[in-house]
Amino acid sequence: MERVADDICILDNGRLLVNASLDHLRESYRRIDLVFPFAPPEYEFQIAGVERIHSQGHEMRVFASKNAEAVIEHARDLNAVSVEVAPVALRDIFLETVKEN
């Protein structure tokens, strides 16, 4: 799909969830893996653009559709010992978008 599409629409049960250019999706969506010296509460990362948070002990994975820099800055303010940012594949964008609905 990524080789032939310029624009992407994601539908779920007849509802339009995403309508954006492939370039915009690639630039915007990020997976941010965080490690803290303590177990961080998920409410600390209720930032605009954060679509999903998964935490386990001292580790947290944040799936963001925008504002990745705000998430990273906030993690550093909370003394994160590790911050890793990765782009998100189109398949994962689809799965996360449909999962939240």
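The values are calculated or read from the model by the stated rules, or taken from the named source; none is laboratory data. Since the model is a prediction, treat every value here as computed from it, not as a measurement. Cβ placement follows ideal geometry from the backbone for every residue including glycine, while neighbour counts extend to all protein chains displayed.
Points worth noting:
- Looking across region 4-33, the residues that are surrounded by 11 or more Cβ atoms within 10 Å (Cβ to Cβ), part of a strand (DSSP E or B) and either touching a residue at least 60 places away in the same chain (Cβ under 8 Å) or aromatic (Phe, Trp, Tyr) (or both) come down to Ile8, Ile10, Asp12, Leu17, Val18, Arg31.
- Restricting attention to region 71-89, the residues that are out of contact with any helix residue (DSSP H, G or I) (no Cβ under 7 Å at 6 or more places or on another chain) and closer than 13 Å to Ser28 by Cβ total 1.
- Taken over region 64-83, the criterion of being within 12 Å of the chain's Cα centre (by Cα) and part of a strand (DSSP E or B) is satisfied by Ala64 alone.
- In region 34-50, residue farthest from Ile10 (Cα to Cα) [restricted to those that are buried (at least 16 other Cβ atoms within 10 Å of the Cβ) and within 14 Å of the chain's Cα centre (by Cα)]: Leu34
- For beta carbons closer than 6 Å, sequence separation of 6+ or different chains, a first residue in region 55-83 that is surrounded by 14 or more Cβ atoms within 10 Å (Cβ to Cβ) and a second that is part of a strand (DSSP E or B) and of a type in the set (Lys, Arg), the qualifying pairs are Phe63/Arg31; Phe63/Arg52; Ala64/Arg30; Ala68/Arg30.
- Pick from region 84-96, criterion within 10 Å of the chain's Cα centre (by Cα) and part of a helix (DSSP H, G or I), ranking: surrounded by the most Cβ atoms within 10 Å (Cβ to Cβ): Ile93
- Residue within region 39-62 that is touching an Asp or Glu at 6+ places or on another chain (Cβ under 6 Å), modelled with pLDDT under 90 and either over 28 Å from Val4 (Cβ atoms) or part of a loop (DSSP other than H, G, I, E, B) (or both) present: no
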